[in-house]
1. When the Cα centres of the stretch A:1-57 and the stretch B:1-40 are compared, how far apart do they sit, in Å?
2. Using a probe radius of 1.4 Å on heavy atoms only, what accessible surface per residue do you get for chain A? Whole Å² is fine.
3. Determine, from the Cβ-Cβ distance of A:Lys57 and B:Lys15 and an R0 of 35 Å, the FRET efficiency 1/(1 + (r/R0)^6), rounded to the nearest 0.05.
4. Counting DSSP beta bridges in chain B, what percent are antiparallel, to the nearest 5?
5. So for the stretch A:52-112, what percent of the C-alpha to C-alpha distances run longer than 16 Å?
6. Ignoring solvent entirely, what values of log10 I(q)/I(0) come out of the Debye formula for chain B at 0.13, 0.18, 0.22 Å⁻¹ when each Cα is a single scatterer?
7. HN-Hα J couplings of the stretch B:84-89 from phi, Karplus 6.51/-1.76/1.60, θ = phi - 60°, integer Hz, Gly and Pro as x?
8. Students often get this wrong, so check it: of B:Lys55/B:Lys77; B:Lys49/B:Lys107; B:Lys15/B:Lys77; A:Lys11/A:Lys57; A:Lys57/B:Lys49; A:Lys57/B:Lys107, which have C-alpha atoms separated by over 21 Å?
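The values are calculated or read from the model by the stated rules, or taken from the named source; none is laboratory data. Treat the numbers as computed from the prediction; the structure is a model and nothing was measured. Cβ: placed from backbone, ideal geometry, glycine included. Neighbour counts: every protein chain shown. Just the protein is used for accessible areas: all its heavy atoms, side chains included, with ligands, DNA and RNA removed. Shrake-Rupley method; radii C 1.70, N 1.55, O 1.52, S 1.80 Å.
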Amino acid sequence: EAAVTQSPRNKVAVTGGKVTLSCNQTNNHNNMYWYRQDTGHGLRLIHYSYGAGSTEKGDIPDGYKASRPSQENFSLILELATPSQTSVYFCASGDAKGAEQYFGPGTRLTVL
Amino acid sequence: GDSVTQTEGLVTLTKGLPVMLNCTYQTTYSPFLFWYVQHLNEAPKLLLKSSTDNKRTEHQGFYATLHKSSSSFHLQKSSVQLSDSALYFCALRESNYNVLYFGSGTKLTVEP
């Protein structure tokens with residue numbers, strides 16, 4: 001059973017539209033993360049969370065919001081999508097010890 | 001601030017040859033280093049991790065040694081296989097124990 005799932009797996013959005021990417025984990029981990037992956041940049045941290053109700057800014061938070069309504073769910077929200085946000089987005093979960101992060105399968109987002 | 005450098009963006013080798021992928025880091029705190037591997041169209045997965053100076057850690061034929069004196073954690077394998085073709089990321093656990101800094105990644109291609 002996949003422990004970290006993401007939806008949708010693929011998304012095409014229009015410039016200026018609102019996009020919500022969802023992540024669910026069954027690892028019972030306190031920490032969850034949103035990354036984007038672009039060629040030449042590796043994985044860059046957008047937002048992360050220590051638990052339900054908390055969100056923290058990562059390295060590239062501009063243009064993104066996050067929501068952690070429960071231990072299991074962590075959403076990434078693009079209020080006004082732009083073509084520069086075209087990327088592959090990964091969600092991950094990790095325990096409080098920080099020894100390892102478990103990644104979801106990714107969401108490929110294209111903003112036209 | 002904390003950072004991770006991977007100098008090779010692309011490495012191409014013939015099956016059976018040894019490989020070393022470079023990773024150096026910068027931090028003012030006690031380092032905890034990771035190697036993640038990402039096969040095509042898959043999620044990144046943990047390959048190796050270490051926080052112990054000068055101790056070799058191994059998994060699935062790959063090995064790495066954390067050298068605090070040179071701030072390095074290079075990934076090695078004595079004989080690469082076709083299935084080793086993937087993207088390899090080095091990562092540094094940030095001081096607050098909950099955030100990872102990823103390098104830009106090295107794409108390893110193994111040819112027959």
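1. For the stretch A:1-57 versus the stretch B:1-40, the Cα centre distance is 24 Å.
2. 46
3. Rounded to the nearest 0.05, the efficiency is 0.20.
4. So the antiparallel bridges in chain B amount to around 85 percent.
5. 54
6. The Debye formula, applied to the Cα set alone, gives -0.44, -0.84, -1.22.
7. Residue by residue, the stretch B:84-89 yields 7, 4, 5, 9, 10, 10 Hz.
8. Long pairs (Cα-Cα over 21 Å): A:Lys11/A:Lys57; A:Lys57/B:Lys49; A:Lys57/B:Lys107.
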